[in-house]
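This is the structure, below, for whatever I ask next.
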Amino acid sequence: MRSSEKLAVAALAWALTAAALADEPKNTPAQWLERMNHALTTRNYDGTFSHWQGGRVEMLRIIHRVQDGTVSERLASLDGSGREFIRTGANLACYLPDKRTVVVEQRPPRESLVGFPALNEQAASFYDIREVARMRLNRRDTHVITVAPRDEFRYGYRLWLDDSTAMPLKTQLCDAHGHVIEQVVFASLTLSPHIPDSAFKPEVSTEGFQWLRNGPDPQGAVAAAPAWYALRLPPGFRMTVRSAQRLPGAAGPVDHLVFTDGVASVSVFVEQQLRPSAEQGAAAQSATVGSSSTFSTVVDGHRVTAVGEVPPDTVRFIASQVKAQEEPAGLQRH
């Protein structure tokens, strides 16, 4: 075969390959997020990442395993504090060496220790989801997906998703102006078919530590206690959890409410004041630390505190709408 014929055959083969690739179905931005959610919840992985927030950087290690339907996670600080968080199903143990304390509490079984966004169809209607670029990151091809809120009640995200696994290699939480307020970047990430039980044992010695258990009120939160919920909520938010708990240092049972749009979430704690304020809304306090906003006020002699990774106006709005009323029909405590 002459060289000219070889070139023609090679050109034809290249054209056919390019056409075949062009005909391959492509994931939409929303489908990339679905792939990411599926990977995060079903795959075994072990990764080291940097967490930047408020001008401070911390290196952490996350180990995640799904075995026989049970999710296990271990999040450990690799820096000075030595903090570790170990979750098995709904049980979470927080090891705090600097306070010589272990706190044990219950969490939703699917709630990850690393706050990656999880969008469903309902939540997607409140965000504009787009793929804005493709680039290399840590020697891997990635798709850069933006999740921009359609209103002022939530923050947005930028995500760098690995082309082959859809795992988030880098995430940024952004305010309304696009400024980064929190960032997670993986330095290493390994997907493993098997992770041993020993990977979920704390490295810190707990000898002499104080153990605190946060959980449901053992008295069932007295039937006569008022039912707390929000009269109004920002668009897309709904209450997904309402429980009564005994917390260390609290004067009595503390109501815990969780409101979410599927991506952003706000926790509200309602605690009875030892000395109820005579003026509604008195002693209101607000604070912003990194990506977290907090607003606290007094309602009917109870301290109402809302906290979440949302704009300050969102926690203020929700806290101001929390009221004590008769138990709504069909709503039960968890």
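The values are calculated or read from the model by the stated rules, or taken from the named source; none is laboratory data. Values in this document were obtained by computation on a predicted structure and should not be read as measured data. Cβ placement follows ideal geometry from the backbone for every residue including glycine, while neighbour counts extend to all protein chains displayed.
Here are the criteria: (1) over 23 Å from the mean Cα position of the chain (by Cα); (2) of a type outside the set (Phe, Trp, Tyr); (3) part of a loop (DSSP other than H, G, I, E, B); (4) at pLDDT 90 or above. Tell me which single one VAL298 does not satisfy.
Against the list (1) over 23 Å from the mean Cα position of the chain (by Cα); (2) of a type outside the set (Phe, Trp, Tyr); (3) part of a loop (DSSP other than H, G, I, E, B); (4) at pLDDT 90 or above, VAL298 comes up short only on (3).
While we're on this one: Having 3 or more residues that are of a type in the set (A, V, I, L, M) is the bar; report the strands (runs of 3 or more DSSP E) wholly within the range 26-139 that clear it.
Passing ranges, in order: 56-67, 70-77, 91-96, 101-106, 127-137.
Within 28 Å of ALA166 (Cα to Cα) and either touching a Phe, Trp or Tyr at 6+ places or on another chain (Cβ under 8 Å) or crowded, with 16+ Cβ neighbours inside 10 Å (or both): is that true of LEU92 in this structure?
Yes, satisfied.
Also, I was wondering about something else. Give the residue, chosen from VAL241, VAL263, VAL315, VAL222, that is outside any strand (DSSP E or B), at pLDDT below 90 and within 24 Å of the chain's Cα centre (by Cα).
The unique qualifying residue is VAL263.
A further question on this structure: What number goes with the only condition from (1) under 24 Å from the mean Cα position of the chain (by Cα); (2) at pLDDT 85 or above that GLY208 does not pass?
Condition not satisfied by GLY208: (1).
Of all strands (runs of 3 or more DSSP E) completely enclosed by the range 152-207, which ones contain at least 1 residues that are surrounded by fewer than 20 Cβ atoms within 10 Å (Cβ to Cβ) and hydroxyl-bearing (Ser, Thr, Tyr)?
On the way: elements: 156-162, 168-174, 180-191.
Qualifying strands (runs of 3 or more DSSP E): 180-191.
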